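Peer 1: Dropping a structure here in structure tokens format, bear with me for questions.
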Amino acid sequence: MRLIEGAASAAAFIAAVASVGFLSRFGQPNTLGLALVSTLIVAGAEGMLHVPAPFEARFSPSVDWWRHGADFGLGAVGLWAVVSALPASRDFLCEPLVPWRISIAVFGAFAMNWLARAVALRAPKEPVSLFIFLAFFWIAPFYGFFHAPWFLAQTIASACADRPLAQSLITAAGMVIAAEVGRRLADWLFRAEA
């Protein structure tokens, strides 16, 4: 089941990046518009595939690492195929107008996981977590939607000149830690009140 969730999650990510490449073929791309479209695609795909959003998966139990491994592996292979066939996708992911900062990636991973867990605790039956993607649409696609396996796949399959590999690997590790801290902080804050 975890491998299927990871494969479905990777498919949503690949579809989001591929949509950017296809849309760029139709004229002068608007980076912010493409970011919104890719965010809508990934959120819609996650909702339609009926798998938890990527930032709802935990990093602490080893059983979830199967999901993250499939998410990363299939994401990297699929993304490599997409950027090979649609070079505009790589240009989008490496947009020079978007600032590259480790702190942005780490804080984004923390914030998205904290929000997702808080929503899951307060409204477990509502698909509100998909709207968390939309809250960060203007920056999240350039950082692998602040999901460490996607960010790592993006780093390997579509390397950007201003993002050294060693720095990106450190960033991905920081995102894993930040995601787990965000999740646990939400547990502590919101379960204490329940």
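The values are calculated or read from the model by the stated rules, or taken from the named source; none is laboratory data. Because the structure is predicted, anything quoted here is derived from the model rather than measured. Methodologically, a virtual Cβ is constructed for each residue, glycine included, from the backbone with ideal geometry; neighbour enumeration extends over all protein chains shown.
Peer 1: For S38, all conditions in the list (1) at pLDDT 90 or above; (2) under 19 Å from S158 (Cα atoms); (3) in contact with a Leu (Cβ under 8 Å, 6 or more places away or on another chain) hold save one; what is the number of the exception?
Peer 2: (3)
Peer 1: Consider only pairs whose beta carbons are under 8 Å apart and that are at least six residues apart or on different chains; among these, list those whose first residue lies in segment 154-167 and is at positive phi and whose second residue is surrounded by 17 or more Cβ atoms within 10 Å (Cβ to Cβ) and in a helix (DSSP H, G or I).
Peer 2: Short answer, once both residue conditions are applied: none.
Peer 1: Report the residue count in segment 28-50 for those that are over 14 Å from the mean Cα position of the chain (by Cα) and over 14 Å from F92 (Cα atoms).
Peer 2: 4
Peer 1: So is W150 of a type outside the set (A, V, I, L, M), modelled with pLDDT of 90 or more and not in a loop (DSSP other than H, G, I, E, B) or not?
Peer 2: On the way: of a type outside the set (A, V, I, L, M): yes; modelled with pLDDT of 90 or more: yes; not in a loop (DSSP other than H, G, I, E, B): yes.
Yes.
Peer 1: Sticking with this one: Would you point out which residue out of A173, A178, A161, A166 is part of a loop (DSSP other than H, G, I, E, B), over 20 Å from E46 (Cβ atoms) and not charged (D, E, K, R)? Reasoning before the result, please.
Peer 2: Working: A173 fails: part of a loop (DSSP other than H, G, I, E, B); A178 fails: part of a loop (DSSP other than H, G, I, E, B); A166 fails: part of a loop (DSSP other than H, G, I, E, B).
Testing whether each residue is part of a loop (DSSP other than H, G, I, E, B), over 20 Å from E46 (Cβ atoms) and not charged (D, E, K, R) leaves just A161.
Peer 1: Another question, if that's okay. Could you list, in sequence order, the residues of segment 60-72 that are touching a residue at least 12 places away in the same chain (Cβ under 8 Å) and either surrounded by fewer than 20 Cβ atoms within 10 Å (Cβ to Cβ) or closer than 22 Å to R163 by Cβ (or both)?
Peer 2: First, pick out the residues of segment 60-72 that are touching a residue at least 12 places away in the same chain (Cβ under 8 Å): 60, 63-64, 66-72.
If the condition is that a residue be touching a residue at least 12 places away in the same chain (Cβ under 8 Å) and either surrounded by fewer than 20 Cβ atoms within 10 Å (Cβ to Cβ) or closer than 22 Å to R163 by Cβ (or both), then S60, V63, D64, W66, H68, G69, D71, F72 are the ones that fit.
Peer 1: Something else: Checking A120 against (1) at pLDDT below 90; (2) over 23 Å from S60 (Cβ atoms); (3) among the small types (G, A, S), which test does it fail?
Peer 2: (2)
Peer 1: How many residues, within segment 114-157, are more than 22 Å from A76 (Cα to Cα) and either surrounded by fewer than 23 Cβ atoms within 10 Å (Cβ to Cβ) or within 15 Å of the chain's Cα centre (by Cα) (or both)?
Peer 2: Looking only at segment 114-157, we keep the residues that are more than 22 Å from A76 (Cα to Cα), and these are 114-132, 134-136, 138.
Filter again for either surrounded by fewer than 23 Cβ atoms within 10 Å (Cβ to Cβ) or within 15 Å of the chain's Cα centre (by Cα) (or both), leaving 114-116, 118-132, 134-136, 138.
Number of matching residues: 22.
Peer 1: Would you check which residues across segment 1-37 are surrounded by 13 or more Cβ atoms within 10 Å (Cβ to Cβ) and in a loop (DSSP other than H, G, I, E, B) and list them?
Peer 2: Correct list: P29 only.
Peer 1: May I ask you to list the residues in segment 38-48 that are surrounded by fewer than 16 Cβ atoms within 10 Å (Cβ to Cβ) and either touching a helix residue (DSSP H, G or I) at 6+ places or on another chain (Cβ under 6 Å) or not in a helix (DSSP H, G or I) (or both)?
Peer 2: G47
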